[in-house]
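Below is one structure, written out as structure tokens, with a few remarks after it.
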Protein chains: 2
Amino acid sequence: MYCHYRTSFLRGNPILSVIMVVRVLRLGHRPERDKRVTTHLILAARAFGASGAVYTGKRDEVLEETISDVVSEWGGSFDLRFSDSWRSEVREWGASGRVVHLTMYGLPLQDVVSEIRNCRSDLLVVVGGAKVPGEVYGLADWNVAVTSQPHSEVSALAVFLHELWEGRGLEGVYEGARLRVVPQARGKRVEDVSGGV
Amino acid sequence: MYCHYRTSFLRGNPILSVIMVVRVLRLGHRPERDKRVTTHLILAARAFGASGAVYTGKRDEVLEETISDVVSEWGGSFDLRFSDSWRSEVREWGASGRVVHLTMYGLPLQDVVSEIRNCRSDLLVVVGGAKVPGEVYGLADWNVAVTSQPHSEVSALAVFLHELWEGRGLEGVYEGARLRVVPQARGKRVEDVSGGV
């Protein structure tokens, strides 16, 4: 676990913020039903600044390969692994870090995100699958609602991380990338930077 | 098309912002592959403040019923309809409003969102499916990247709308709801408010 401060000038304002390690725990993955949604979820975790993810449910090597291929091409050190026990993941994490559970039934993001950001602890962000055990609500340090409306774990996770980092996820730089987008007003431009950035 | 101002106090600061009508255009839906992702996308559109959505590709009555059921239970006037021509949707909208296309190859969200917010026009937000025709990049007023990394149209749309509204989507109130969540630190509480709010 590490924890340090840095000054960001996003949105034109100096913001003094805590930088923390964030991992995502995806519960109850079902390859036959959830393949694309879980892929999107894990890619959103990576794109918005999580360091890695763990998933439970059923092992899915295609999912793992897809994520590994994205990391190889687009850089960074994001890792994904399977676990057969969400409970042991939460308990182990809880020994040194804090646990956030995203659920539409929790406290509003806008009311608790500052407290979470300022806790200075590394975070495990638990994201439900088909059926979330009631025990998760009790084990989490925060049950957080990204709106109290039904939408998607993908959008909930992205907006949570976006707010947690106060927008810095939009400007992530990924070391060791083979590919890099050069932003364009029209069309597509992708550079091969595998020879070194 | 309407356009008015209001003052929001989200994040503790008075923000003077334009309120605009936003609709989402989902391209190339394939029921057999995209069912859950498109459902998540449309629900995210609703939860983050879009007024409605149009989709192209293949007609999917199960999708339409799912969204209709959510609107009946959770309120608001969000509507979803099928179109057999994305081109005519974009052209018709372009006569009075502006068009945003979300793509990882576009200009960074953080560089263009103020300009889009301040344009004072209603917006059609185009979100790709499997294969986006190159013509879309030319017809859009803005091609916008929510990070230049691969993730998900669901997370891209949610973060785009969240930034567009400067966070107000988190506090949406949906008239005519049958169900309403009462936020809790632990557990779930849902009220039946069908007798009137």
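Any residue in segment A:58-65 that is modelled with pLDDT under 95 and out of contact with any Leu (no Cβ under 8 Å at 6 or more places or on another chain)?
Our first condition is that a residue be modelled with pLDDT under 95; within segment A:58-65, this holds for none.
No.
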Within segment B:90-111, restricting attention to residues that are charged (D, E, K, R) and surrounded by fewer than 16 Cβ atoms within 10 Å (Cβ to Cβ), which residue is farthest from A:GLU191 (Cα to Cα)?
B:GLU92
Return yes or no: is B:GLY169 more than 16 Å from the chain's Cα centre (by Cα) and either more than 24 Å from A:GLY172 (Cα to Cα) or at pLDDT 95 or above (or both)?
no
Given (1) more than 19 Å from A:VAL159 (Cα to Cα); (2) more than 10 Å from chain A (Cβ to nearest Cβ); (3) aromatic (Phe, Trp, Tyr), identify the lone condition not met by B:TYR137.
(2)
Got a number for residues in segment B:108-135 being more than 23 Å from B:GLY28 (Cβ to Cβ) and either acidic (Asp, Glu) or at pLDDT below 95 (or both)?
8
Complete set of residues in segment B:161-171 that are aliphatic (A, V, I, L, M) and more than 8 Å from chain A (Cβ to nearest Cβ)
B:LEU161, B:LEU164
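Does A:VAL112 qualify as being part of a loop (DSSP other than H, G, I, E, B) and either under 26 Å from A:GLY169 (Cα atoms) or of a type outside the set (Asp, Glu) (or both)? Show your work before the answer.
Details: part of a loop (DSSP other than H, G, I, E, B): no; either under 26 Å from A:GLY169 (Cα atoms) or of a type outside the set (Asp, Glu) (or both): yes.
Against the criterion (part of a loop (DSSP other than H, G, I, E, B) and either under 26 Å from A:GLY169 (Cα atoms) or of a type outside the set (Asp, Glu) (or both)), A:VAL112 does not qualify.
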Matching residues in segment A:22-68 - criterion: being β-branched (Val, Ile, Thr) and more than 10 Å from the chain's Cα centre (by Cα)
A:VAL37, A:THR38, A:THR39, A:VAL54, A:THR56, A:VAL62, A:THR66, A:ILE67
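One line per residue, one yes/no per condition, for (1) in contact with a Phe, Trp or Tyr (Cβ under 6 Å, 6 or more places away or on another chain); (2) away from every other protein chain (no Cβ under 14 Å); (3) without any contact (Cβ under 8 Å) to a residue 12 or more places away in the chain:
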site: A:ARG26; (1), (2), (3): yes, no, no
site: A:ARG30; (1), (2), (3): no, no, no
site: A:ASP34; (1), (2), (3): no, no, no
site: A:ALA45; (1), (2), (3): no, no, no
site: A:GLU61; (1), (2), (3): no, yes, yes
site: A:THR66; (1), (2), (3): no, no, no
site: A:VAL70; (1), (2), (3): no, no, no
site: A:SER96; (1), (2), (3): no, yes, no
Can you go through A:TYR137, A:TYR55 and tell me which one is of a type outside the set (D, E, K, R) and open to solvent by less than 10 Å² (accessible area, probe 1.4 Å)?
A:TYR55
For residues in segment B:121-134 being out of contact with any Phe, Trp or Tyr (no Cβ under 9 Å at 6 or more places or on another chain) and open to solvent by 20 Å² or more (accessible area, probe 1.4 Å), which is nearest to A:GLY187 (Cα to Cα)?
B:GLY134
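Which members of segment B:92-109 meet the condition of being in a helix (DSSP H, G or I) and either among the aromatic types (Phe, Trp, Tyr) or more than 27 Å from A:GLU166 (Cα to Cα) (or both)? If you could, list the steps in order and put the result at the bottom.
Taking segment B:92-109 first, the residues in a helix (DSSP H, G or I) are B:92-94, B:109.
Correct list: B:GLU92, B:TRP93, B:GLY94.
For residues that are among the aromatic types (Phe, Trp, Tyr) and over 30 Å from A:VAL70 (Cβ atoms), scanning just segment B:77-89, find the one that is most open to solvent (accessible area, probe 1.4 Å).
Quick first cut of segment B:77-89, residues among the aromatic types (Phe, Trp, Tyr) only: B:78, B:82, B:86.
Keeping just the survivors that are over 30 Å from A:VAL70 (Cβ atoms) gives B:78, B:82.
Details: B:PHE78: 21, B:PHE82: 61 Å².
This residue is B:PHE82.
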State all residues of segment A:149-160 that are facing another protein chain (nearest Cβ under 9 Å) and either buried (at least 23 other Cβ atoms within 10 Å of the Cβ) or touching a residue at least 60 places away in the same chain (Cβ under 8 Å) (or both); if no residue qualifies, say none.
A:GLN149, A:HIS151, A:SER152, A:GLU153, A:VAL154, A:SER155, A:ALA156, A:LEU157, A:ALA158, A:VAL159
For segment A:139-166 the number of residues that are charged (D, E, K, R) and more than 16 Å from the chain's Cα centre (by Cα) is 1
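Return the only residue of B:TYR105, B:TYR174 being at pLDDT 95 or above and either at the interface with chain A (Cβ under 10 Å from one of its Cβ atoms) or within 22 Å of A:GLN110 (Cβ to Cβ) (or both). Talk me through it step by step, then tell me what you get.
On the way: B:TYR174 fails: at pLDDT 95 or above.
Within the list B:TYR105, B:TYR174, the selection yields B:TYR105.
The values are calculated or read from the model by the stated rules, or taken from the named source; none is laboratory data. Please read all numbers here as calculations on a predicted model, not as lab measurements. In this analysis, Cβ positions are derived from the backbone assuming ideal geometry, glycine residues included, and neighbour counts consider all displayed protein chains. Protein only, heavy atoms only, side chains kept; ligands, DNA and RNA dropped before computing areas. Shrake-Rupley method; radii C 1.70, N 1.55, O 1.52, S 1.80 Å.
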